[in-house]
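Visitor: Next up is a structure, given as structure tokens.
The values are calculated or read from the model by the stated rules, or taken from the named source; none is laboratory data. Owing to the predicted nature of the structure, the values given are computational and were not obtained by experimental measurement. Backbone-built Cβ (ideal geometry, glycine too); neighbour counts: all protein chains shown. Side chains are part of the model used for accessible areas, which takes the heavy atoms of the whole protein and leaves out ligands, DNA and RNA. Shrake-Rupley method; radii C 1.70, N 1.55, O 1.52, S 1.80 Å.
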Amino acid sequence: MIDVNAEIGKLDWSREPQGLYEPIGYTLAAGGKRVRPQLALLATKLFGGNEEDVLPAALALEVFHNFTLLHDDVMDKAQVRRGRPTVHVKWNANTAILSGDQMMIEAYKLLSQVPENKLATTLRLFNQMATEICEGQQYDVDFESRTDVTIPEYMEMIRLKTSVLLATALKIGAYIAGATEEQQEQIYNYGIHLGLAFQIQDDMLDCYGDQATFGKAIGGDIAENKKTYLWLTAAQKGAIDELAMREESMTQRFERILAIYDRLGVKAAAQEAIRLQTNQAINCLDALPQNQYTDQLRAMAHKLEERTK
């Protein structure tokens with residue numbers, strides 16, 4: 001399979017003005033799991049397609065994903081990403097916004113290199129994904145000031161904010177390879193459940209992860225009053241008054257909320273939700289061609305379930 005990191009390394013960011021392009025190179029050089037481009041390539045191979053045909057879309061998906069992170073970090077006031085200062089910390093917020101904007105443009109430039117006979121539908125799928133991610137981000141922001149958010153509302157928010165990017169990567173790969181519409185939908189659903197499991201795991205790692213391996217500051221969701229799966233599970237168990245913001249330091253708030261989670265067994269509930277979504281993802285693969293790439297998708301689901309970063 002194509003080496004995604006090597007292909008990303010070939011992208012040239014040594015352009016002028018450096019203030020615009022250097023942060024893009026800095027962001028992409030930080031690495032990451034590269035899950036989205038890998039999924040696009042795996043889906044293409046699964047259905048017997050040429051991975052060179054999907055490579056421009058795979059790279060576009062990764063650049064677009066990183067663009068959303070630049071803006072997300074500004075909105076969340078995040079200090080660390082992948083173990084390094086975020087762009088708005090290393091430079092400033094204006095730089096993060098403008099370089100992020102340019103990353104979005106670069107993603108579409110890459111996408112335009114998809115084979116011409118596949119471009120129109122690929123662009124439609126990509127645009128739908130981009131819109132849904134923005135909708136999910138807005139729901140996430142809206143939820144910060146609400147105390148009546150339900151778990152179903154949260155699941156829909158993370159479907160939009162996180163899952164559709166994974167699912168669309170798979171669907172684009174399958175479409176370019178010539179999969180049937182039914183097969184495209186089936187692998188898309190695999191991506192949706194995979195993304196739900198991924199985000200709940202991310203919520204859990206934000207509380208119970210090791211900052212040295214997680215790559216982000218622990219407790220960021222609690223500091224920003226994010227309505228995560230853990231927060232909502234505790235609220236559902238009757239702890240909503242205990243979870244309310246108080247006059248206290250961020251360290252005190254994190255320790256207080258974590259004690260509530262521990263008392264109510266919230267971590268175990270999150271782990272069970274992750275297992276459920278992972279199993280549903282794997283079940284979606286049963287109706288697809290069974291080969292080494294289906295096996296890799298199953299293995300990826302289990303690996304993400306057990307990740308620590």
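Visitor: Using 0.36 nm times the number of residues separating GLU182 and LEU20, minus their current alpha carbon distance, what extension gain do you get? Kindly include the intermediate steps, with their values, before the conclusion.
Guide: On the way: separation 162, 0.36 × 162 = 58.32 nm, distance 4.22 nm.
Value of the extension gain: 54.1 nm.
Visitor: Could I ask something else about it? At 1.4 Å probe size, with no ligands or nucleic acids counted, give the accessible surface of VAL149 in Å², nearest ten.
Guide: 10 Å²
Visitor: Over segment 222-307, what is the relative contact order in percent, taking alpha-carbon pairs closer than 8 angstrom and at least six residues apart?
Guide: Working: 40 pairs, mean separation 23.4, N = 86.
Averaging sequence separation for qualifying contacts and normalising by length gives 27 percent for segment 222-307.
Visitor: Spin-label point model (7 Å from Cα, Cβ direction): what's the ALA268 to ASP142 distance in nm?
Guide: Placing both labels 7 Å beyond Cα along the Cβ direction yields 3.5 nm.
Visitor: Once the Cβ-Cβ distance between ARG82 and GLU153 is put in as r, and R0 is 35 Å, what FRET efficiency do you end up with, to the nearest 0.05?
Guide: Working: r = 29 Å, r/R0 = 0.84.
Efficiency, rounded to the nearest 0.05: 0.75.
Visitor: Moving on to the next point. Please tell me the relative contact order of segment 105-259 in percent, rounded to the nearest whole number, where contacts are Cα pairs under 8 Å and at least six residues apart.
Guide: On the way: 138 pairs, mean separation 31.2, N = 155.
For segment 105-259, the relative contact order is 20 percent.
Visitor: Additional query: Expressed as a whole percentage, what fraction of the accessible surface of the chain belongs to carbon and sulfur atoms when a 1.4 Å probe is rolled over the protein heavy atoms?
Guide: In the chain, the share of accessible area belonging to carbon and sulfur is 50 percent.
Visitor: Over the chain, what is the relative contact order in whole percent, taking alpha-carbon pairs under 8 Å and six or more residues apart?
Guide: It rounds to 20 percent for the chain.
Visitor: Taking 0.36 nm per residue of separation and subtracting the Cα-Cα distance, what length does fully extending GLN211 through ALA287 add?
Guide: Working: separation 76, 0.36 × 76 = 27.36 nm, distance 3.90 nm.
Going from the current span to full extension adds 23.5 nm.
Visitor: Could you work out how far helix 164-177 tilts from the main Cα principal axis of the chain, as a 0 to 90 degree angle to the nearest 10?
Guide: In the chain, helix 164-177 runs at an angle near 10 degrees to the longest axis.
Visitor: Between ILE105 and GLU248, how high is the FRET efficiency from 1/(1 + (r/R0)^6) when r is the Cβ-Cβ distance and R₀ = 30 Å? Nearest 0.05. Write out the running numbers ahead of the final one.
Guide: Details: r = 43 Å, r/R0 = 1.42.
Working from the Cβ atoms, E equals 0.10.
Visitor: Within segment 1-34, list the residues whose amide N lies under 17 Å from a label point set 7 Å along Cα→Cβ of ASP295.
Guide: Inside the label zone: 1.
Visitor: On a 0 to 90 degree scale, rounded to 10, what angle separates helix 181-208 from the longest Cα axis of the chain?
Guide: The angle comes out at about 30 degrees.
Visitor: To the nearest 0.05, how large is the calculated FRET efficiency for SER112 and ASN5 if R₀ is 22 Å and r is the Cβ-Cβ distance? Walk me through the numbers before you get to the answer.
Guide: Values: r = 23 Å, r/R0 = 1.03.
The computed FRET efficiency comes out at 0.45.
Visitor: Can I ask one more? Using a 1.4 Å probe and ignoring any ligands, DNA or RNA, find the accessible area of LYS226 and quote it in Å² to the nearest 10.
Guide: 10 Å²
Visitor: Based on DSSP H runs of at least 4 residues, each adding -39500 (n - 2.57), what is the mean residue ellipticity at 222 nm of the chain after dividing by all its residues, to the nearest 500 deg cm²/dmol?
Guide: Values: 17 runs with 223 residues, N = 309.
Theoretical 222 nm ellipticity from helices: -23000 deg cm²/dmol.
Visitor: Looking at this model, which pairs from LYS216/LYS303; LYS10/LYS171; LYS45/LYS303; LYS77/LYS227 are more than 18 angstrom apart at the alpha-carbon? Please list the in-between numbers first.
Guide: Numbers: LYS216/LYS303 20 Å; LYS10/LYS171 25 Å; LYS45/LYS303 20 Å; LYS77/LYS227 16 Å.
Where the Cα-Cα span goes over 18 Å, the pairs concerned are LYS216/LYS303; LYS10/LYS171; LYS45/LYS303.
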